[in-house]
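Below is one structure, written out as structure tokens, with a few remarks after it.
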Amino acid sequence: MSSDHHHGGPLIDCDVHLPTPTVDQLGPYLSEHWREYIATAGFKGSMAVTSTHPPGARSSGHERLDGGFAEAMRNVRRHCLGESESARAVVSAHYGVETMGPPDFSTALSRAVNDWMLTACRDTDERLLASINVPPQYPDLAAEEIDRLAGDDRVVQVFVPARTSKPYGNRIYYPLLAAAERNGLPLGIHFGGMSWNPPTGVGWPSYYIEEYVGMAHVMQAQLSSLVFEGAFQRFPRLRVTVLEGGWTWLPSLMWRLDKEWKGIRREVPWVEEPPSTYLRRHVKLSIQPIDAPPDGPEVMTTIDQIGSDDVLMYASDFPHEHLSDPLALLDRLAPETASKVAYGNAAACYGVPSAPEPQESVR
Amino acid sequence: MVQSPPETSPRTDSRRTARSRTGPIVDCDMHNYMSWTSSGLSRGGVLADYLPDRWRDYYTTFGMRTPNSIAFFPTRPRNMAARDDTWPEDGPPGSDLGLMREQHLDLWGISAGILNPIDQILMGSQFPYYSAALTSALNNWTLEQWLEPEPRLYASICVPYEDAELAAAEIHRLADHPRFVQVLMNARTREPLGSRKYWKIYEAAAEHDIPLSIHVGGAGGNPITGAGFPSYYIEDHSGYPQVYQAHVISLVCEGVFEEFPTLRWVMQEGGFAWIPWLCWRLDRAWHLLGTEVPHLKELPSTYVKRHFWYTTQPIEEPERPGQFAELLGQLEELQVVDRLLFSTDYPHWDFDAPDRALPREMPKETRHKVLAGNAAALYGLEIDDVL
């Protein structure tokens, strides 16, 4: 929350990461069976977490979480919430449960991480909201976890990783999509994760930078799947958020999907409107990272091409580092648009009561 | 020198009409197709005649392994994904040179067309020696049945790209033939194209200074998305730009262009609206994570500017007026406009017509370059009255 920036209104930071809990921190939220199982197995946490955000990579920003849990939570408050009463931050704690074969273990860890996270939110700041873990590879179990927690006012989103063995539009996910819809929670598809299949359509890349850049095409595949396999037709109130996946690719994706739909929609007759219409209606994207030159006209052109003020949402992506400045982007937007991106769109998406009118800019 | 079609053609009038609207045309992506029986679904056929005994026996006994990219989508558009009017009396679309001349080369007055044999999409799925025999047979058939009878046609060299040494041997055999103008791989490879597994192919291409290309299709065994297999053909078909993005990321980040600084890549049928944001994303990532890839001496976008060309079909169709011009402006910044190569994809359903596909927002001079000049420069084609 740098004072260099001029956007004067409150913010909803829709992508904030808590430090990954240790197995000791999760202990109180696990049954005796699983505590003993973890101790015996020597389990220290899922490798999907470190492969998504490598420990020393500059992008991971792990130094911002150094100094222990209490210090990390102070940093979250300072960086993501500031002083405004209206501010909100949606936190998550990816635990890599999507990699786990044993369904009962995957579920037990999801529950433990969620209960730990909700406790951490409650103890830290009432303005923190939570994006809950579920085992997406077991959609029926994921649905149970959603139903278990959706009544908690802090729970505003279902967190799932971008990498999957089948994309989220596939009908195996219907129980998960139905639970998200009936509980009014968006499906938050987030950068990373792990799956049996490679993170590209053509096999395994060598370097992390390839996976980092390539996550943009994984996100595009997820949105194509949700549109074409009919998720938004079957679940008309389903909403999806794309988190930390970039967004300047959205116009080129919309153009291509609309063109394909004009040509061969007879194959998917339930897609009754152009794909771009579903995307604008059902999908929101977090603005961090920003893939465009920071000072050039490109980013404004892209926002105009997206063709809606309703789809972008502010995010700091704390503690991750992307070398792009979302607050500086807010400053470039027209005031009404800036206010929607900063607050209004996320407020609508997460069911946060509307903020008071933005304060006058300090400009 | 490319010869003009005979002036006695019955389609001369329409040819004149079409050409007067467009100027010279080089079609950088059109397809010839062997026959029904080469599809792996039945035995025999033209291909057998071009195979040595050992592989003819194998072919007639076991056929070819069918790529999952085809088998999984029985609901793809009717007519084997071809235009209604491209079916000859006997055989599949793209199998009849006479019809191709009449309804394509003559009709549009095409100066030069580059053939990408459809049968190549099966080759990545066959085991190495068999794939090598099949691709050699395919190239010999293309040479005898298409290039020799029709001077306006050029072709890609099909290679068994999953085995780099065997692929390099086929490049050495044909790359200096004046009518084979590039090396053809498929988009659906087993590994991303930056992988060292393929570098012997690049070494051979660099030695002969012949462009490499990838085209939609193939079957490397991976789901077409980084998120697993989709259910419908429309997802598969619209997923190709993402496959091309993965290849560009890989080729740049794994250092292929530091090792082979003269390589030229033609990305066929993968779109081009994603190039600007991908360059921006790559450059940002390099500033952030460049220490992981110290072999990259320049900004990623510099390699993209220097080493890639793109065919136009299926042409990008932005939503609102003015947006194609915005895209062109961004591509101009990235020096990509001189790397756009017109293509029709004849005989496929999503064919782009030479006089209609390029949007009005593309200035006339650019249009002429895209229709012929850029390709003539890339492939060293001498075309009469090219701008």
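What's the local net charge at A:Glu244, with K and R +1, D and E -1, over the other residues with C-beta under 11 Å away? Cβ neighbours under 11 Å give a net charge of -2.
What the stretch A:12-350 shows is 34 Å² of accessible area per residue, with the surface traced by a 1.4 Å probe over protein heavy atoms. Accessible surface ranking for B:Leu166, A:Leu30, 1.4 angstrom probe, highest first: B:Leu166, A:Leu30. The listed peptides A:80-91, B:300-311, ordered by packing as a protection proxy, come out as B:300-311, A:80-91 (highest mean of other Cβ atoms within 10 Å first). Ligands, DNA and RNA aside, B:Phe62 has an accessible area near 140 Å² when probed at 1.4 Å. Excluding ligands, DNA and RNA, the accessible surface per residue across the stretch B:12-379 is 33 Å² with a 1.4 Å probe.
If R0 equals 35 Å, the separation of the Cβ atoms of B:Asp49 and B:Ala353 corresponds to a calculated FRET efficiency of about 0.50.
Pairing chain B with chain A buries about 5700 Å² of accessible area. This figure sums both sides and uses a 1.4 Å probe.
Per-residue mean of foreign Cβ neighbours for A:313-322 is 1 (Cβ atoms of other chains, 10 Å radius). Interface residues of the stretch B:224-271, defined as those with an accessible-area decrease of at least 50 Å² between the chain by itself and the complete set of protein chains (probe 1.4 Å), are B:Gly226, B:Ala227, B:Tyr232, B:Ile234, B:Glu235, B:Ser238, B:Gln242, B:Ile249, B:Glu254. For A:Val23, the solvent-accessible surface with a 1.4 Å probe is about 30 Å², rounded to the nearest 10. Taking every residue in B:124-136 and counting other chain Cβ atoms within 10 Å of its Cβ, the average works out to 0. Under 13 Å from the Cβ of B:Ala206, count the other residues' Cβ atoms, weight Lys and Arg +1, Asp and Glu -1, and hand me the total. It works out to a net charge of -3. Between A:Lys262 and B:Ser20, what FRET efficiency follows from the Cβ-Cβ distance if R0 is 25 Å, with the result rounded to 0.05? The calculated FRET efficiency here is 0.25.
Overall form of the protein assembly as shown: prolate. Here a/c, set by the Cα gyration tensor axes a ≥ b ≥ c, is 1.5 or more, and a/b is the larger of a/b and b/c. Sorting B:208-214, A:287-293 by average packing, meaning the other beta carbons within 10 Å per residue, from highest down gives A:287-293, B:208-214.
Straight-line cross-link partners of B:Lys305 among the aspartates and glutamates, defined as a Cα under 13 Å from its Cα and at least 8 positions apart when in the same chain: B:Asp283, B:Glu332, B:Glu333, B:Asp338. When the residues B:Thr189, A:Thr20 are ordered by accessible surface, computed with a 1.4 Å probe over the protein chains alone, the sequence from largest down reads A:Thr20, B:Thr189.
Peptide packing for A:206-212, B:173-179 was compared via the average number of neighbouring C-beta atoms within 10 Å per residue; ordered from the highest value, the list is A:206-212, B:173-179. Here's the list of lysines a cross-link from A:Lys284 could span, going by alpha-carbon distance under 28 Å and ignoring same-chain residues fewer than 8 apart: A:Lys166, A:Lys259, A:Lys262, A:Lys340.
A Gaussian network model of chain B, with springs between Cα atoms under 10 Å, assigns the largest mean-square fluctuation among B:Gly271, B:Gly218, B:Gly290 to B:Gly290.
Taking the 1.4 Å solvent-accessible surface of chain B as the whole, the part contributed by carbon and sulfur is 50%.
Overall, the accessible surface of chain A at a probe of 1.4 angstrom is composed of carbon and sulfur to the extent of 51 percent. Surface listing: A:Arg239, B:Arg65, A:Arg58 arranged by accessible area from highest to lowest gives B:Arg65, A:Arg58, A:Arg239, probe 1.4 Å.
Once the partner protein chains are put back, the stretch A:216-258 shows a loss of at least 30 square angstrom of accessible area, versus the chain by itself, at A:His217, A:Gln220, A:Ala221, A:Phe228, A:Glu229, A:Ser252, A:Trp255, A:Arg256 (probe 1.4 Å, ligands and nucleic acids excluded). At a threshold of 40 Å², the residues of the stretch A:268-299 that become less accessible to a 1.4 Å probe in the full protein assembly than in their chain on its own are A:Asp291, A:Glu298.
Among residues other than B:Leu381 with Cβ under 11 Å from its Cβ, the summed charge is 0 (Lys and Arg +1, Asp and Glu -1). Distance between the 7 Å Cα→Cβ label points at B:Tyr129 and B:His172: 1.8 nm. Sort the stretch A:168-219 into rounded, prolate or oblate with this rule: let a ≥ b ≥ c be the square roots of the eigenvalues of the Cα gyration tensor; rounded if a/c is under 1.5, and if a/c is not under 1.5, prolate when a/b is larger than b/c, oblate otherwise. Taking the square roots of the gyration eigenvalues as a ≥ b ≥ c, the stretch A:168-219 is prolate. The stretch A:326-341 and the stretch B:304-330 have their alpha-carbon centroids 28 Å apart.
The values are calculated or read from the model by the stated rules, or taken from the named source; none is laboratory data. Remember, it's a predicted structure, so these values are computed and weren't measured experimentally. Note that we place each Cβ from the backbone using ideal geometry, even for glycine, and neighbour counts take in every protein chain shown. Heads up: the accessible areas ignore ligands, DNA and RNA and are worked out on the full protein's heavy atoms, side chains in. Shrake-Rupley method; radii C 1.70, N 1.55, O 1.52, S 1.80 Å.
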